Every structure is written in structure tokens, then in C-alpha cells.
Amino acid sequence: MPFDLVIELENEPGAIARVASAISDAGVNLAAATCMGTADRVELHVLVPHAEAAKHALALSQLSVSREREVVVVDVEDRPGVLADLTRKVAKAGIDLDLLYVATRNRLVFGSPDLAGLKAALGRQD
């Protein structure tokens, strides 16, 4: 079950490298990451297969997860219109999205307050 973890960081050189190192040194695969914020602070979203192992590794490095949640990951073909097709399905089901980013190996990561509805809209059983 994939999880999106959010780590809030001071925006300084090496901050993201500390997070990536802590997770990878623990043997946890970092399947995606996206970062957004301001000149002072950023939110780093990371996609991991198991939240507990990643959270433990981060805690050992004096880093903490501010939010976590299960997300839906969909394998996609790399071609024009894929995102439009999927988001139209979600919209037709009346589901609000509040998270979307690209993961490794041509996958899209979706988050919604209505996880069950999102899974149903995207035809996911997991």
C-alpha cells in the first residue's frame, strides 16, 4: 500500500539530501518526490511503499513526518491525454483531488479526501 509522506523543511542546501539519504540508507525505496514552498520553508512529499520503515528512518535522523496518507498509484502509458482521461474519470465520479504528482516508471500518484471513491473511480482494488 503506497503512502505519501510530507516532511516540512527549512529551505537550505542539503535539506532534501538528508531526507533522501535517511530513507535510502534504511533500504526503503523512494518511488517519487515533489517539493514546493517558499524561500524559507518547503514541503517535501515522498512516495514510499511502507510508511513505518520510512518514518523510523527519518526519526533516527532527527527528521519528522508532518502528515502521511495512503494514496492511489496508477501505471500509465507515456502519451498525450493520459492525465486528462484519468482526471475526467475522477471528476465524473464527483471526487475531489488534492494531490497529484508523477512517480518513477510512468506512474501517477493521486490523493483525495475520499480514498475509497478515488480507488473506485480509477478502477483500483488495492
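The values are calculated or read from the model by the stated rules, or taken from the named source; none is laboratory data. Just so you know, these numbers come straight off a predicted model, no measurement behind them. Cβ atoms come from the backbone with ideal geometry, glycine included; neighbour counts cover every protein chain shown.
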- Flagged in segment 103-114 as of a type in the set (A, V, I, L, M, F, W, C) and under 19 Å from Arg88 (Cβ atoms), in numbering order, are Leu108, Val109, Phe110
- Are any residues in segment 92-115 over 11 Å from the mean Cα position of the chain (by Cα), of a type in the set (Gly, Ala, Ser) and closer than 25 Å to Asn29 by Cα, and if so, which ones? Ser112
- Query: Restricting the search to segment 33-51, which residues are among the aliphatic types (A, V, I, L, M) and either exposed (fewer than 13 other Cβ atoms within 10 Å of the Cβ) or in the same structural domain as Phe110 (by TED's automatic domain parsing) (or both)?
  - Reply: Met36, Ala39
- Query: From Ala54, Ala93, Ala120, which residue is closer than 28 Å to Ala15 by Cα, at pLDDT 95 or above and surrounded by 13 or more Cβ atoms within 10 Å (Cβ to Cβ)?
  - Reply: Ala54
